[in-house]
1. Long-range amide H contacts for Val332: which residues qualify at under 5 Å (H placed 1.01 Å from N, peptide plane, sequence gap of 5 or more or a different chain)?
2. About the Cα centre of the chain, what is the dipole size in debye to 20, counting +1 per Lys and Arg Cβ and -1 per Asp and Glu Cβ, all else neutral?
3. How much length would be gained if the chain were fully extended between Lys140 and Glu352, taking 0.36 nm per residue of separation minus their Cα-Cα distance, in nm to one decimal?
4. What are the chymotrypsin sites (Phe, Trp or Tyr not before Pro) within the stretch 388-489 that DSSP puts in a loop, where the Cβ has at most 15 other Cβ atoms within 10 Å?
5. Excluding same-chain residues fewer than 8 positions from Lys190, which aspartates and glutamates have a Cα within less than 16 Å of its Cα?
6. Around Trp273, what is the net charge, scoring Lys/Arg as +1 and Asp/Glu as -1 over all other residues with Cβ under 14 Å from its Cβ?
7. On the first, second and third principal axes, largest extent first, how far apart are the outermost C-alpha atoms of the stretch 364-489 in Å?
8. Return the ratio Rg/(2.2 N^0.38 Å) for the stretch 180-234, where Rg is computed over Cα atoms only.
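Read the figures in this text as sums done on the coordinates, not as results from a lab. Note that the structure is a prediction, hence the values are computed from the model and not measured. Every residue, glycine as well, gets a Cβ built from its backbone with ideal geometry; the counts of neighbours run over all protein chains shown.
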Amino acid sequence: MSFKEGFFWGGATAANQCEGAWNVDGRGPAMTDVTTGGSVKESRMITYIDKDGKPGKAGRGMKIPEGVKYAVLDTELYPNHDGIDFYHYYKEDIALFAEMGFKMFRMSISWSRLYPRGDEEIPNEKGIEFYRNVFKECQKHNIEPLVTIWHFDTPLYLEENYGGWTNRKLIEFYERFARTCFKEYKGLVKYWLTFNEINNTVMFLEMFGNKATDEMYKDGYQILHNQLVASARAVQAGHEIDSENMIGCMICGITFYPGTCDPKDILLNRHTWEKGIFYCGDVQCKGKYGTYAKRLWAEHNVKLDITEQDLIDLKNGTVDMYSFSYYMSNNVTTHDTKDMVGGNFSAGARNEYLTYSDWGWALDPDGLQYYLEMIYDRYEKPLLVVENGLGAFDTVEVDGSIHDPYRIDYYREHIKAMEKAVNNGVDLIAYTTWGCIDLVSAGTGEMRKRYGFIYVDKHDDGTGTMARSRKDSFYWYKKVIGSNGADLE
Ligand code: BG6
């Protein structure tokens, strides 16, 4: 028995990928609401109209033309608009989580449900009430909520009118939003995460062989700085409002390996860890930028706008715990390689020792053990694996059953890897699997990339009854939780 008594077994979701009800009860739009569906091969598109009312689309991550306005077009499908309608199904869904024995449920709060534009002084009561009801439902089932304050969904109004996170004003707006969450849900929520996968902004600038300009790096690092300060201010506010609060960072955890033993690859690998993984974690856990940050900025002629107060805030706003997502490892090399693998956000050189998912993600449980041990040694803070899972095609049999042994195998190996890390001294307190219920993929916008223990009858063409059903993995995970991780068969 390696997992400690009271270990938080559970699952994770994000508001924009599951709630739906995108324009219900006063909610304002977010970027995902003007983002179409896509696939591994076809990027999701951001839609807009120009000043003559002509519709247009830009690939995600690309700049939209000057002077256009984000818009929902009649000709397109927007999977996040309906999600899996958690907004109306939350009671049923939480009851299913309870049936599996969940101890923790990770979810996020949609900023634009609380503040439809993002810059208002007064929050939307209907939004406040919705989350209060969700948390009460969790409480009824003895499930501890783990709440992500920002999961990729800045209100669209802030993107359009303030230029998004490059603008320091957003620090203030985010702090107001976070304070509202801490105050309103005091007593109902104790575990919080400030920003989901905060490190993505810079880490993925050059994925897929893209070349990023110095200008893009300048924006990327400034966005990160503004978010790191916003996070630090939220941590201070959260502690001030309730000293019981446990507040964490959330890093997109990828285990990077050198592609060869060429010392140049070894060095590149170290620098990739610094730029991709340690950069944000160091600030959030240690309260200051790592010694290598100056080198990273200099590489792209970046001069950051950092105030004296920012440095004080970063110092005073360190997190209580470190959480991360883990799906894959990546190989980095200075050598030319044609054999690249690609998922949605991430890519790397193919690793001949590993196999890959249908979406091109390396399946590597050892990489999870490596990450846990490396990070625990660096920060010595409680760790939480708050996303891990397999996006796969599922088939519904004629009798309605869904056999997903591939998902069970995936989880079994990753849980074994966590167990080894725990036995090696890592203080791991939670495991919330990603997409414990099928939901819209963040990267591709697909429904057919399914992660859940619970199947949702919703499809990429927008059809489906939204009915929920249990997959084989549902019963398996229930057994795992019931035995505190001892029974993995
Ligand atoms: C993480 C995100 O990047 O990976 C989630 O925090 C996302 O929002 C998850 O859904 C899996 O990625 P995808 O693209 O398969 O949905």
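1. The list, which skips near neighbours in sequence, is Tyr257, Gly259.
2. Around 640 debye, computed over the chain.
3. 71.5 nm
4. Counting only loop positions with at most 15 other Cβ atoms within 10 Å, the chymotrypsin sites (Phe, Trp or Tyr not before Pro) in the stretch 388-489 are Phe393.
5. Partners within reach: Glu137, Glu144, Glu240, Asp242, Glu244, Asp320.
6. Values: positive: Arg270, Lys275, Arg295, Arg378; negative: Asp265, Glu274, Asp282, Glu373, Asp377.
Overall, the nearby charge balance is -1.
7. Its Cα atoms span 48, 30, 20 Å along the three principal axes.
8. Details: Rg = 15.4 Å, N = 55, 2.2 N^0.38 = 10.1 Å.
That ratio works out to 1.52.
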